[in-house]
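Visitor: Got a structure for you, written out below as structure tokens; questions coming shortly.
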Amino acid sequence: MRYQISGRQIDIGDALQVHVKNELGSIIEKYAQRPTDAQIIFSRNAHEFVCETTVHLSTGLSAQASARATEIYAAFDKCGEKMDKQLRRYKRRLKDHHKDRSEPVELSGAASYILAAGEDTEDSEPETLQPMIIAEMETKIPSLSVGEAVMQMEIAGAPVLVFHNEKGAGVNVVYRREDGNIGWIDPTNAA
């Protein structure tokens, strides 16, 4: 497994890197047999250290956790506990959904944009109807079943997930509704 351990405007020492590799490796080994890589980013927010961890599995799923504490080791330990809890909670679901999958999830490329928020005043008229693009990035759209997409969205803690539906043709969306349920948009089945 590849580890990418970095710090935003802070130095990450060798002792912390060894601690992260040992602890995260033991957590992941218990629940995920085929992890591909892990990204761990440490940063500072006022008096607290923040640890953000993302683990990518060979099935195409990603698990994310973040935590903060006044000491950097404590921030990682809290983040590790959250990752352990997530992977433990979804272990059965991961095995059930992927036991028949012989190949990793197929990913296709797409563009992702961040648009500037407009100032909404009643008297002002926008100069143009085109939104200002702040950032343009590449993203990947996985080919999943609906159940796998819901599981991926819950593991990542995301409010929405765009995916290619394996059983149907086209792009689908799953999202968390305000009532707590999951919504599924399948444009190919629209009447």
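Visitor: Looking at the range 115-133, is at least one residue in a strand (DSSP E or B) and either at pLDDT below 85 or touching a His at 6+ places or on another chain (Cβ under 7 Å) (or both)?
Guide: yes
Visitor: If Lys99 passes every condition in (1) basic (Lys, Arg); (2) at pLDDT below 90; (3) within 21 Å of Gly157 (Cβ to Cβ) but one, which one does it miss?
Guide: It fails just one condition, (3).
To keep it simple, each residue is scored yes or no on (1) assigned by TED's automatic domain parsing to the domain that holds Ser145; (2) buried (at least 17 other Cβ atoms within 10 Å of the Cβ); (3) over 27 Å from Leu161 (Cα atoms).
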| residue | (1), (2), (3) |
| --- | --- |
| Ile10 | no, no, yes |
| Glu29 | no, no, no |
| Glu52 | no, yes, no |
| Ala69 | no, no, yes |
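Visitor: Additional query: One residue is enough: does the range 77-94 have a residue meeting the conditions loosely packed, with under 10 Cβ neighbours inside 10 Å and either at pLDDT below 80 or under 30 Å from Asn22 (Cβ atoms) (or both)?
Guide: Yes; the residues of the range 77-94 include at least one that is loosely packed, with under 10 Cβ neighbours inside 10 Å and either at pLDDT below 80 or under 30 Å from Asn22 (Cβ atoms) (or both).
Visitor: Pick from the range 1-34 the residues that are in contact with a helix residue (DSSP H, G or I) (Cβ under 6 Å, 6 or more places away or on another chain) and assigned to a strand (DSSP E or B): which of them is farthest from Leu87 (Cα to Cα)?
Guide: Ile5
Visitor: Looking at the range 152-189 only, could you name the residues that are small (Gly, Ala, Ser) and either assigned by TED's automatic domain parsing to the domain that holds Gln86 or within 26 Å of Ser58 (Cβ to Cβ) (or both)?
Guide: Ala156, Gly157, Ala158, Gly168, Ala169, Gly170
The values are calculated or read from the model by the stated rules, or taken from the named source; none is laboratory data. Computed from a predicted model, the values in this text were never measured in an experiment. As a convention, Cβ positions derive from the backbone with ideal geometry for all residues, glycine included, and neighbour counts pool all protein chains shown.
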